[in-house]
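Reviewing the structure listed below.
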Amino acid sequence: MAKKVLIVEDYPATSKMMAEILEMEGIQSVITPDGTDGLEKATKEKPDLILLDIMLPGMSGLDVCSNLKSNPVTKNIPVIMVSVKAADADVKNGLAKGADGYLSKPFDPFKLIEVVKKNLGM
Amino acid sequence: MQNEEERIKLYILIKWFVLAGLFLFVSFEILTGLIIGRTMIPAFILLALATAMNTSIYLISLNKRHFPLLVRISVFVDFIFLAFAFYVNGGVENTWWFLPVFWVFISGYLFSIWSALFYALLASLGLTLDFTLEYFRIIPHITIHKFPLNSLDNPGYLVDYALGMFLLYFIGAIISGYFTYLLKKTAGELAHSLKESESARRESETARSALLNIMEDLDRAKADLEVKVRERTAELEEAKSGLEIKVKDRTADLEESRKALMHMMGTLKEDMAKLQVVDKLKTEFLSMVSHELRTPLTPIKGYLAIILSGKIGELTEQQRKTLDVVYKQSDHLHSLIDNILDVARMELGKPIPLVKEPILVNTVIEETMEAMAIQAEEKKINLHAELQPDLPNIMADKTKLKRILTNLIGNAMKFTAANGEIVIKSFLKGSSIQVDVIDNGIGLAPDTIEKIFEKFYQVDSSMTRQVGGIGMGLPICRELVQLHGGKLWAESEGLGKGAKLSFTLPVV
């Protein structure tokens, strides 16, 4: 069964690219540009992994992350924060909210694959 | 007491009066027939002659030195005349032989006791001579009385008479002299005391005038002082009013200056507030721009990487080379954006986060050089390294260290002409690892060695267009090195002599 990744990213070109990269590895993707919608999709779609941007319209990625981690349904889904906020504090914040990994933009596509695969246990 | 001249004048006058009185009395005797008148005439003539001689001598002697002596001699001569007049006028028969006592008195009074005694002696001698000569009939006796006293033949009478007269003259002389002496003494004492009182008076007068002088001096000094005080007071008053005016003027000036300054300060404060707002906006803008630029950069770099990986189709050699350039340029764009973000952080006073991990400096250098090799090749620059092997691991942020190296090497390439050379050296120095980036490019003027670390500093405006850059690289590098606890500096022997940029990273 193919793995499914939820991409919460408001910049279409980036989210599309991420989906295509994962496609190359045979990983399915669900994309949403909105934090609130992301939370909803996380419960509905039951993804195996979530790639979460921090700067999102509506709800911040960090809030989305803490919501996911406090929800028993979603709390076991690995969350990888993907952000241009390549700052120590952001990484710490993200990890404190329960994120499982961190990727700073712009990222190397192969790094993305590596991180995702690692968290999916592939 | 009168002076001698006046005394002699008086003496002569008295003689004339006595003579006149005698003449009147004798004339009365002759008229009444008491005495024979004819013999009287030559006697009077003689006496008048003697007195006249006295007078003339006196008049001649006036104002002459030997005046008293001449007069005394004249008095002596005078007596001879008198004695002769007595002889002519009866001799022993004459009853006026007492008359010389007046002369004795007068001379005693006028001159001195010695003069009186001398006169008395002369009178006595004259009388004795006359009596003696007449008695012994040596000279003839001249009878003057109608009834002559037969005294000539009576020696006892003559001696008595002579002795009486003798005593009369001398006692007269002594009395006269003594009185004169007493008078003189009293007068002397009086004069002396007068003199003394006069000198005392004079002294007191002197003292008084001295006191007056002193008082006058004091008065004058006081007046002078008063004038001076008035003058000085006036001067001070003037100076004071001058000062007051000056102070007023200066106060007004200062007030004006103060107002101007306050106004300026107000303006400056406003400007500063505006500037602060603008500065904050700028920083926020930089931060935002950096984020916004990075967002599209993510798919650009990502897709380029995918294409270059060949996973979505094989590329021709030409395509690969072209896309490689695009990728490198997007990489450069990425580092520029990162620089801007770091500047924004520095400006905001936010810490630039470091993700430290154990790294090998030489590995990072090699990776960076590899990334820049194509660029060096294009510019025909000989980029090579002299790395000390077996350098210890250090804790550092790999991304930041790469950025530092990229900046330094990129800078060196900017300012090094084609066929130039860039050497990267690494070595252990004390407890730090030092990295040198040495080029043989345009070098640095001594006054620009520190300026290159200032934000937005450009070596030369004409150079800027040629080499590009916004003047942020080196300031950020220095900041990043310092964040690692190291130092970054530049060395150059001058323009055209190349440059060496070095930094240290503590081992710990």
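Compute the FRET efficiency between B:Ile73 and B:His192 as 1/(1 + (r/R0)^6), taking r as their Cβ-Cβ distance and R0 = 25 Å, and round to the nearest 0.05. Numbers along the way, then the final one.
On the way: r = 33 Å, r/R0 = 1.31.
Calculated value: 0.15.
How big is the B-A contact in terms of buried accessible area, both chains counted, 1.4 Å probe, rounded to the nearest 100 Å²?
Details: alone 30930 and 6290 Å², together 35500 Å².
Using a 1.4 Å probe on protein heavy atoms, the buried area is about 1700 Å².
At 0.36 nm per residue, minus the direct Cα-Cα distance, what do B:Val289 and B:Asn419 gain on full extension? Give it in nm, one decimal, please.
On the way: separation 130, 0.36 × 130 = 46.80 nm, distance 3.73 nm.
This chain segment gains 43.1 nm when fully extended.
Considering only protein heavy atoms and a 1.4 Å probe, what is the carbon-and-sulfur percentage of the accessible area of segment A:4-115? Please report the intermediate quantities before stating the final value.
Numbers: 2350 of 4610 Å².
About 51 percent, which is the carbon plus sulfur part of the accessible surface.
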For the pairs B:Lys248/B:Lys269; A:Lys111/B:Lys301; A:Lys16/A:Lys111; B:Lys379/B:Lys414, note any where the Cα-Cα span goes beyond 19 Å. B:Lys248/B:Lys269
What FRET efficiency comes out for B:Ala239 versus B:Met265 if R0 is 30 angstrom and r is the Cβ-Cβ distance? Round to the nearest 0.05. 0.25
Tell me, what HN-Hα J-couplings in whole Hz come from the Karplus equation 6.51 cos²θ - 1.76 cosθ + 1.60 at θ = phi - 60° for each residue of segment B:277-283, using x for Gly and Pro? 4, 4, 4, 5, 4, 4, 5
Residues of segment A:1-45 buried by at least 30 Å² on assembly (accessible area, 1.4 Å probe, chain alone as reference): A:Tyr11, A:Met17, A:Met24
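With every protein chain left in place, what is the accessible area per residue of chain B in square angstrom, probe 1.4 Å? Let's see the in-between values first.
Numbers: 30070 Å² over 508 residues.
Heavy-atom SASA per residue in chain B reads 59 Å².
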In sequence order, calculated HN-Hα J values of segment A:109-117 (Karplus, 6.51, -1.76, 1.60; Hz; x Gly/Pro): x, 6, 5, 4, 4, 4, 5, 4, 4
Go ahead and set up a Gaussian network model of chain A, Cα springs under 10 Å, then flag whichever of A:Met17, A:Met59, A:Met81 fluctuates most. A:Met17
Residue-wise, which Karplus ³J(HN,Hα) couplings in Hz belong to segment B:14-23, taking 6.51 cos²θ - 1.76 cosθ + 1.60, θ = phi - 60°, and x for glycine or proline? 4, 4, 4, 4, 4, 4, 5, x, 4, 4
Tell me which residues come under 5 Å, amide H to amide H, from A:Met81 once H is placed; ignore anything under 5 positions away on its chain. A:Leu52, A:Asp100, A:Gly101, A:Tyr102, A:Leu103
Which value in nm describes the separation of the simple spin-label points at B:Ser56 and A:Gln28, placed 7 Å from the Cα toward the beta carbon? 20.0
5 Å is the cut-off here: which amide hydrogens, built 1.01 Å from N in the peptide plane, fall below it relative to B:Ala385, excluding neighbours closer than 5 in sequence? B:Ile424
Carbon and sulfur atoms account, in whole percent of the 1.4 Å probe accessible area of chain B, for 65
So which of A:Lys75/B:Lys311; A:Lys46/A:Lys117; B:Lys380/B:Lys500 end up more than 28 Å apart by C-alpha? A:Lys75/B:Lys311
Say each of B:Ile174 and B:Ile449 gets a label point 7 Å from the Cα, pointing the same way as Cα to Cβ; how far apart are those two points in nm? 14.4
Here the longest stretch of chain B that holds no chymotrypsin sites (Phe, Trp or Tyr not before Pro) in a DSSP loop having at most 15 other beta carbon atoms within 10 Å is B:137-455
Which of A:Ser104, B:Pro475, B:His332 sits closest to the plus end of the dipole of the protein assembly as shown, meaning its Cα is farthest towards the positive end, when Lys and Arg get +1 and Asp and Glu get -1 on the C-beta? B:Pro475
What is the gain in length, in nm to one decimal, between B:Lys429 and B:Ser27 on full extension, counting 0.36 nm per residue of separation less the C-alpha to C-alpha distance? 127.4 nm
Excluding residues on the same chain fewer than 8 positions from B:Lys195, give the lysines whose Cα lies under 24 Å from its Cα. B:Lys184, B:Lys185
Name the residues of segment B:307-343 whose accessible area, probed at 1.4 Å, falls by at least 40 Å² once all protein chains are in place instead of their chain on its own? B:Lys311
On a full-extension model of 0.36 nm per residue, what is the gain between A:Ala96 and A:Glu45, subtracting their alpha-carbon distance, rounded to one decimal in nm? 15.9 nm
Inter-site label distance for B:Lys222 and B:Phe136 at 7 Å from Cα along Cβ, in nm: 9.4
Which aspartates and glutamates have a Cα less than 12 Å from the Cα of B:Lys425, not counting those fewer than 8 places away in the same chain? B:Glu366, B:Glu386, B:Asp436, B:Asp439
The answer for A:Ser29, listing residues at least 5 apart or on another chain whose modeled amide H is closer than 5 Å to its amide H, is A:Val5
Label zone at B:Leu360, where the point sits 7 Å out along the Cα-to-Cβ direction: segment B:413-435 residues whose backbone N lies under 12 Å: none
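The values are calculated or read from the model by the stated rules, or taken from the named source; none is laboratory data. Everything quoted here is computed from the prediction, not taken from an experiment. Cβ atoms come from the backbone with ideal geometry, glycine included; neighbour counts cover every protein chain shown. Note: areas computed on protein heavy atoms with side chains; ligands, DNA, RNA excluded. Shrake-Rupley method; radii C 1.70, N 1.55, O 1.52, S 1.80 Å.
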